[in-house]
Amino acid sequence: MHREKWASKIGFMLAAMGSAVGLGNIWRFSYVAGENGGGAFLILYLACILIIGIPLLLTEVSIGRQAQSDVVGSYQKLAPKKPWYLVGYLGVASAFLILGFYSVISGWSLYYFWNYLAGQLAVEPASGYQAAFGSFITNPFQPIFWHGLFMVMVIFIVLSGIKKGIEMANKVFMPTLAIILILLAIYSVSLDGAVEGLKFLFQPDWSVLQDPSVYIAALGQAFFSLSLGVGTMLTYGSYLSKQHRLPGATVGIGIMDTLFAIISGIVIFPAVFAFQIQPDAGPDLVFITLPEIFNQMPFGSVVGILFFLSLTLAAISSSISILEVPVAYFIRAMKWSRKQASIVTGLIMFGLGVLSSLGMGVLSGVTPIGDNNIMDSMDFIASNIFLPIGGLTMALFFGWYINKKEVFAATDLTNSRLRHVWYTLVRYLAPIGIIVIFLNAIGVL
Ligand code: PFF
């Protein structure tokens, strides 16, 4: 059957960067860094990206490009009649779980963008930003409307195809996103008192490294941020031809993803410190703390529009990559058309999103895992269990199962001096690192 391809290598790179750069870089990175001590966390995070993240990214993209198939089909092709493909199903399941909560938070971002545009958030709501956010996300209808609207956009892009939908959207979104974030960073740094924020982000306080949870947070963030372990990068890699060389491309994607996280930090922390607010506000940082800050700063309403526009664009480009994982699988395995696969899959994800949105309010008593609500439980199962298993399997597959010569050929590393470094990282360090976070996440370590 005919499979689509990217129009160009740069189209693939922009799409992969679009997948990597998302809520994880702006919303999640800023609060995880804020909670874990800033500068020292940043260094650990960079180490995780470099030592485990980028080598695994090359592995994941190569598996897809080699097999030219979706996340289940690729393993079946490269290891016929062996159980490796089962992990592909886990990837498909992770995609449902991740988009099932990611799209709800993206819907919040879309709502904020719209309200800044309409001038409604530029003035502080009578009840204050915190209460207004609380009453919005617990409302049984309003956030579902925005979540639905967001999913309609995502479905539309994916059903338009690889070149005309995904590649085209990223070609527009990524440069726009880069320009807006750089402008916002320049503005934020120019605020009086911004230096404290830069110090927080760049000057390491080594004492936080005594807490083992900081290491786990850094590795988890690296995985989530690089979109590793679900099969998105594998699926995107499968639309590449053999003639495109991968090592440089994957290093470029990793570097860009990190730069976007750092630039978001430069947007957020100087402003947080300039207005003397604690940086460790947690997940609420972007939706409560920042609007409070925008409200006090000159041109705050314009900053609000631009900030939530960039957050929404980043969320769309990541969400399309998540939706593409099951869509590619259904097109091949069920012989569905792209249109049918995108709509059916997108609707199921919308349904999961409805559950996780209601879990913030009406269904807040439903706590599937520990005392986590529906959204946090979906995040927990996907990010802490399924993604590490997906990443570990990829590392073991190339590090131990497929023979070394074929692996070097698949990754375009045959003539590279760095091939042994990469191989050692994928064979030993990545699996050990992942097993350590995994055991920690389930409470064994
Ligand atoms: N990398 C995205 C972000 O940082 O927001 C999130 C993500 C996308 C995770 C795709 C997993 C994935 F497969």
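Every read-out reported here was derived from the displayed coordinates using simple, explicitly stated rules and does not represent laboratory data. For clarity, every value in this text was computed on a predicted model and none was experimentally measured. Every residue, glycine as well, gets a Cβ built from its backbone with ideal geometry; the counts of neighbours run over all protein chains shown.
What to note about this one:
- The value for the chain of Rg(Cα) / (2.2 N^0.38 Å) is 0.94.
- Student exercise, the chain dipole from Lys, Arg, Asp, Glu Cβ charges, in Debye to nearest 20: 2400
- Most positive-pole-ward Cα, 443, 137, 398, against dipole of the chain from beta carbon charges: 398
- For the pair residue 127 and residue 211, label points projected 7 Å from Cα toward Cβ lie 3.1 nm apart.
- Stokes-Einstein diffusion coefficient of the stretch 257-348, Kirkwood radius over Cα pairs, 25 °C, 0.890 mPa s, in µm²/s: 155
- Calculated mean residue ellipticity, 222 nm, the chain: -21500 deg cm²/dmol, from DSSP H runs (n ≥ 4) at -39500 (n - 2.57) each, averaged per residue and rounded to 500.
- Loop-located trypsin sites (Lys or Arg not before Pro) in the stretch 181-283 (DSSP state other than H, G, I, E, B) with a sparse environment of at most 16 neighbouring Cβ atoms within 10 Å: 242, 245.
- From least to most packed, judged by other beta carbons within 10 angstrom and beginning with the fewest, 334, 375 follow the order 334, 375.
- Normalised radius of gyration (Cα atoms, divided by 2.2 N^0.38 Å) for the stretch 105-199: 1.39.
- For the chain, the longest site-free run once chymotrypsin sites (Phe, Trp or Tyr not before Pro) in DSSP loop states with at most 12 other Cβ atoms within 10 Å are removed: 142-298
- Under 18 Å from residue 9, Cα to Cα: aspartates and glutamates that are on another chain or at least 8 residues apart: 60, 167, 257, 412
- Available extension along the chain between residue 405 and residue 278 is 40.5 nm, counting 0.36 nm per residue and deducting the alpha carbon span.
- Computed from Cα atoms, the angle from the helix 246-274 axis to the main principal axis of the chain rounds to 10 degrees.
- C-alpha long axis of helix 300-333 to longest principal axis of the chain, angle in °: 30
- Between residue 339 and residue 436, the contour length at 0.36 nm per residue exceeds the Cα-Cα span by 30.8 nm.
- For the stretch 84-93, 3J(HN,Hα) computed residue by residue from phi via the Karplus equation (6.51, -1.76, 1.60; θ = phi - 60°) reads 4, 5, 4, 5, x, 5, 5, x, 4, 5 Hz, glycine and proline entered as x.
- Trypsin sites (Lys or Arg not before Pro) within the stretch 401-445, DSSP loop, no more than 13 other Cβ atoms inside 10 Å: 417
- Within a Gaussian network of the chain (alpha carbon springs, distance under 10 Å), most fluctuating of 207, 109, 62: 207
- Acute angle (nearest 10 degrees) that the helix 212-225 long axis makes with the longest principal axis of the chain, alpha-carbon atoms: 70
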